[in-house]
Amino acid sequence: MVIAFNAFDTAAAPPTTASLAEIALLLAGASSETTPRQASGIDDFAALLPLGTRVNVTFLPGADVSETILTAKRLKADGMVPVPHLPARFIAGPRALDALLARLADEVAVDEVMVVAGGGRQVAGAFDDSMQLLASGLLPAHGIRRIAVAGHPEGSPDIPPGDARDALLWKNDFAARHDLDMYVVTQFSFDADVVIDWEREMRAAGNVLPIHLGLAGPASVKTLLTYAKTCGVGPSLRVLTRQMGNLTRLLTVRTPDEMLRRIARHKADDPDCLIRAVHVFPFGGMAKTAAWLADARAAGIGQDAGAVA
């Protein structure tokens, strides 16, 4: 069966001149991620992604921290910027965190990480959430001052909405008090309106941290539905289910073009919007994700955009 792949096409829905500039900025800071297992199947990240691309290293339950370190080393050798995940609930306690950070600093020279709570409620040790891990003070002690934290535009099955808002505001205060370069990476969504409303709500509540919008990279609708259910993505599933129609459409590859355009147009209309970049989840594989990013940049909208906060 032929699987459709929709290359980035600016003519399909012509953006305004202002949104072209916004798309360029979003793409300039685009990041992605990999698991150690997925990384083992990639010969050379530099053949897929531009040098200096941030690539998060996800940490799955039961994984060995040595796998994270080896993957970070591999990414660094390939010219990428590794951003290891530190899942609070999977780390036994301050001593284990100290040892892991020491290895990341000494063996890989890592100076940027993403701190997350970790899925589910089972706790391995002293850390129940990402705030407790941050409050340990161990990250800056090991030279890590650029820190990503998680955002959930559609909510999280593990966190009540009010608690999620309060946690984000706590992180704003913590970053300001400790002079940390902190930013938010959101869970992916398929509905720009949901993301726009969430960003406005968080900004009105007091968030000032830059936001990197999670996008689902090119993948079949069937694959995206599977990941969406696993990750707790809820309201925006209607965008996908409208496209299902029949089994043939389940195998059609869906790209995040329209989501990117919608956010860029919104930023053109609302210059105070805190969305600064995109983080592309490679659900269809890193090769497809890299090809989509290359297509978008080759369209003339992602060149010479400069640094992203």
Computed ³J(HN,Hα) along segment 141-154: with the Karplus parameters 6.51/-1.76/1.60, θ = phi - 60°, integer Hz and x for glycine or proline, the list is 5, 9, x, 9, 10, 9, 9, 8, 10, 8, x, 10, x, 9
Report the full-extension gain for the segment A46 to A21: residue separation times 0.36 nm, less the Cα-Cα distance, to one decimal in nm.
-> 6.4 nm
Can you spot the aspartates and glutamates whose alpha carbon is less than 15 Å from K76's alpha carbon? Ignore those fewer than 8 places along the same chain.
-> E33, D43, D44, E67, D106, E107, D111, E112
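Stretched out fully, how many nm does the piece from S66 to V123 gain, at 0.36 nm a residue minus the Cα gap?
Gain on stretching S66 to V123: 18.5 nm.
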Which residues' amide hydrogens lie under 5 Å from the amide hydrogen of E33, considering only partners 5 or more residues apart or on another chain, with H built in the peptide plane?
-> N56
Using θ = phi - 60° and the Karplus relation 6.51 cos²θ - 1.76 cosθ + 1.60, list the HN-Hα couplings for segment 284-295 in order, rounded to whole Hz, with x at every Gly or Pro.
-> x, x, 5, 5, 5, 4, 5, 5, 5, 4, 5, 4
Taking a straight Cα-to-Cα line shorter than 18 Å from K267, and setting aside same-chain aspartates and glutamates fewer than 8 residues away, one finds E22, D191, D193, D197, E199, E201, D257, E258
How high is the relative contact order of segment 17-298, in percent, counting Cα pairs under 8 Å that sit 6 or more residues apart?
-> 21
Other-chain or far-sequence residues with amide H under 5 Å of V184's (modelled H) = V149, I211, H212
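Quick note: the coordinates plus some simple rules give every number you see, no bench work behind them. Just so we're clear, the structure is a prediction, and the values are computed from it rather than from any experiment.
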